[in-house]
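K.L.:
Questions regarding the structure given below will be posed in turn.
The values are calculated or read from the model by the stated rules, or taken from the named source; none is laboratory data. This structure is a prediction, so every number in the text was calculated from the model and none was measured. Here the Cβ is made from the backbone with ideal geometry for all residues, glycine too, and neighbour counts use every protein chain on show.
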Amino acid sequence: MAVLHASGRPVTRRAVIAGVGATDFSVDSGRTEAVLAVQATLAALADANILPSSVDGLITFAADTTPEVVVQRNIGAQGLNYTGRSQYGGTDHCSTILQAKLAVEAGVASRVVCYRAFNERSGQRYGQGYGRGFGGTSAPNAETDLFAMTVPFGLLNAAGWVAMYAQRYMWLTGTTSRDLANVSVAARAHAATNPAARFYGRPITVDDHQASKLIVEPLRLFDCCLETDGGVAIVVTTEDIARNAGSDYVHIAGVASGSGVDQQMMATYSRDDSVMFDEIDRVARLVWERSGLEPDDIDVAILYDHFTPMVLAQLEAYGFCGRGEAKDFVADGNIHLGGKLPVNTHGGQIGEAYIHGMNGIAEGVRQTRGTAVNQIAGARTVLVSAPPGTPSSGLILTSAAT
Amino acid sequence: MNAPADGVVLNGPPREHPDVTADFAWWWDGISAGEIRVQRCADCGVTRHPPHVRCIQCGSFNYTWNTAGERGRVYSYVTYHHPQLPGFTYPYTVGTIEVAPGIRVVAPMWPNDGTGISVDGDVVVAWTTDMSGAPWPYYTPVVAR
């Protein structure tokens with residue numbers, strides 16, 4: 001028998017996103033990663049109107065340097081019933097929401113904050129690559145063994161790992177560098193009208209993209225995301241708590257994390273071409289199944305754009321266009337504001353900030369609420385997705401407004 | 001430009017082989033012996049790369065290896081220009097080479113700027129040396145004669 005409120009409404013532990021928060025995005029924050037993590041967490045809790053002392057779950061990334069207990073101590077939370085990490089850095093970012101939802105709906109925790117904060121520009125710059133071992137200080141292990149299959153030969157950073165996919169994908173589909181430019185031009189156009197974006201007021205043209213320097217061929221500078229100092233946090237709680245707090249909450253219609261056949265960290269080159277991006281295909285199937293939605297239902301898409309070719313891969317895997325047709329889909333202007341499927345309306349990680357996808361989840365929440373700076377009129381359903389990697393992940397948000 | 005100069009270690013600063021566990025040491029021993037090795041299940045004979053610790057076909061933890069032939073085909077390749085790290089010479093090119101059906105190995109390529117290298121192109125392995133004088137592989141296009 002269902003438990004009822006005094007009002008007669010059933011008590012539900014259905015998880016919702018109740019708040020989002022961020023620090024400023026910069027190239028030199030002037031403060032530690034712990035300070036950024038705490039500030040982002042407090043901003044998200046203030047947005048949700050939930051007391052920091054009541055937080056009982058914290059989730060971050062395996063690569064994050066600020067432990068859950070450090071955030072706990074510095075927000076004044078009394079104690080935690082759940083802590084967790086999503087794998088590596090970005091691309092599994094939606095699994096922070098998956099874990100939070102599972103914890104909340106299982107009754108393990110009630111007020112969970114997912115956070116990611118780093119000085120990725122002024123501190124450790126991921127794009128600079130890795131040395132002989134991954135991390136440099138650990139004894140050899142199964143993880144460093146796999147990195148040793150790429151890094152010692154000079155394939156030593158994410159740009160290289162993705163460029164290897166990109167070259168194959170471009171050869172298979174006839175995609176050119178000018179096609180990739182269309183992704184970057186859209187992101188920069190959206191960033192140009194977002195005051196929080198690093199590239200606010202600085203749109204580019206296809207020719208600008210073509211004139212940007214080569215980073216790892218076939219990728220140019222403007223195919224690459226930013227390097228950013230900053231933090232973002234997301235609050236997940238029950239619908240009842242969110243409603244009682246007066247939070248402007250949104251529903252989690254479907255969320256998934258998944259690896260694919262023969263998965264390796266960002267460099268799975270052993271697959272047949274038909275399953276080249278198997279982890280994206282798997283996550284796409286899962287979020288469509290779990291949400292009961294389909295591509296035509298999506299009003300805005302936030303596609304993880306660490307590098308432009310992977311935006312094309314996600315458009316195809318999620319079924320917004322056919323295999324190999326993403327270059328035409330973006331050339332037709334569909335991904336711009338006012339297009340059929342506005343993509344990365346905040347400017348993405350190419351134009352706004354690189355916070356390992358968490359700023360994209362925040363934008364998804366704002367678009368679903370109707371409060372984004374580049375708001376798509378009437379947006380009620382938003383997809384947040386990820387490229388191949390570590391694993392991949394995806395999330396569909398829907399409006400709670402009636 | 002037909003080959004890197006003697007003593008040039010592709011791609012990056014002179015260095016010794018990476019530290020790896022016993023699960024992968026035999027593969028690096030192959031590099032030291034001037035061989036590209038392909039792991040083979042000692043019980044059912046299936047080949048796989050990168051190496052496994054267990055055969056997913058028959059369950060065996062026992063393995064041996066084949067030595068790959070000299071020829072391969074380019075699955076994909078990239079050419080690094082930036083960021084420019086100390087000790088590296090730019091540009092440099094890295095390929096993923098199919099050395100046997102379904103077996104793809106990441107390795108340096110030459111020419112360093114990628115000239116003449118293409119996806120699906122035929123390549124052949126050659127060897128230079130690392131800082132200790134041990135073999136270090138690279139793949140280069142097979143030139144029509």
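K.L.:
I need the full set of residues from the range B:78-97 which are within 13 Å of the chain's Cα centre (by Cα) and more than 9 Å from chain A (Cβ to nearest Cβ), in order please.
P.N.:
Passing the criteria: only B:Ile97.
K.L.:
State all residues of the range A:113-141 that are surrounded by fewer than 17 Cβ atoms within 10 Å (Cβ to Cβ), more than 7 Å from chain B (Cβ to nearest Cβ) and at pLDDT 80 or above; if no residue qualifies, say none.
P.N.:
Those that are surrounded by fewer than 17 Cβ atoms within 10 Å (Cβ to Cβ), more than 7 Å from chain B (Cβ to nearest Cβ) and at pLDDT 80 or above: A:Ser122, A:Gly123, A:Gln124, A:Arg125, A:Ala139.
K.L.:
Within the range A:39-48, is there a residue that is among the acidic types (Asp, Glu) and surrounded by fewer than 18 Cβ atoms within 10 Å (Cβ to Cβ)?
P.N.:
Scanning the range A:39-48 turns up no residue that is among the acidic types (Asp, Glu) and surrounded by fewer than 18 Cβ atoms within 10 Å (Cβ to Cβ).
K.L.:
Return only the number of the condition from (1) in contact (Cβ under 8 Å) with a residue 24 or more places away in the chain; (2) surrounded by fewer than 22 Cβ atoms within 10 Å (Cβ to Cβ); (3) β-branched (Val, Ile, Thr) that A:Val216 does not satisfy.
P.N.:
All conditions pass for A:Val216, except number (2).
K.L.:
While we're looking at this one, here's another question. What about A:Ala63, is it within 19 Å of the chain's Cα centre (by Cα), surrounded by fewer than 22 Cβ atoms within 10 Å (Cβ to Cβ) and among the aliphatic types (A, V, I, L, M)?
P.N.:
Yes; evaluated as a whole, the condition is true for this residue.
K.L.:
Testing B:Ser118 on (1) closer than 16 Å to A:Gly154 by Cβ; (2) more than 7 Å from chain A (Cβ to nearest Cβ); (3) at pLDDT 95 or above, one condition comes back false. Which one is that?
P.N.:
(1)
K.L.:
Given the condition on the phi < 0 side of the Ramachandran plot, in contact with a Phe, Trp or Tyr (Cβ under 8 Å, 6 or more places away or on another chain), away from chain A (no Cβ under 12 Å) and surrounded by 13 or more Cβ atoms within 10 Å (Cβ to Cβ), answer yes or no: does some residue in the range B:49-57 qualify?
P.N.:
Looking through the range B:49-57, at least one residue is on the phi < 0 side of the Ramachandran plot, in contact with a Phe, Trp or Tyr (Cβ under 8 Å, 6 or more places away or on another chain), away from chain A (no Cβ under 12 Å) and surrounded by 13 or more Cβ atoms within 10 Å (Cβ to Cβ).
K.L.:
If you don't mind, there's one more thing I want to ask. Restricting attention to the range B:93-121, which residues are surrounded by 14 or more Cβ atoms within 10 Å (Cβ to Cβ) and among the acidic types (Asp, Glu)?
P.N.:
Hits for the range B:93-121 are B:Glu98, B:Asp113.
K.L.:
Of the conditions (1) at pLDDT 95 or above; (2) in contact with a helix residue (DSSP H, G or I) (Cβ under 7 Å, 6 or more places away or on another chain), A:Ser95 fails just one. Which one is it?
P.N.:
Among (1) at pLDDT 95 or above; (2) in contact with a helix residue (DSSP H, G or I) (Cβ under 7 Å, 6 or more places away or on another chain), A:Ser95 violates only (2).
K.L.:
Still on this structure, I have one more. What strands (runs of 3 or more DSSP E), lying completely within the range B:1-105, carry at least 2 residues that are of a type in the set (Lys, Arg), modelled with pLDDT of 95 or more and not assigned by TED's automatic domain parsing to the domain that holds B:Ile117?
P.N.:
It comes to B:37-41.
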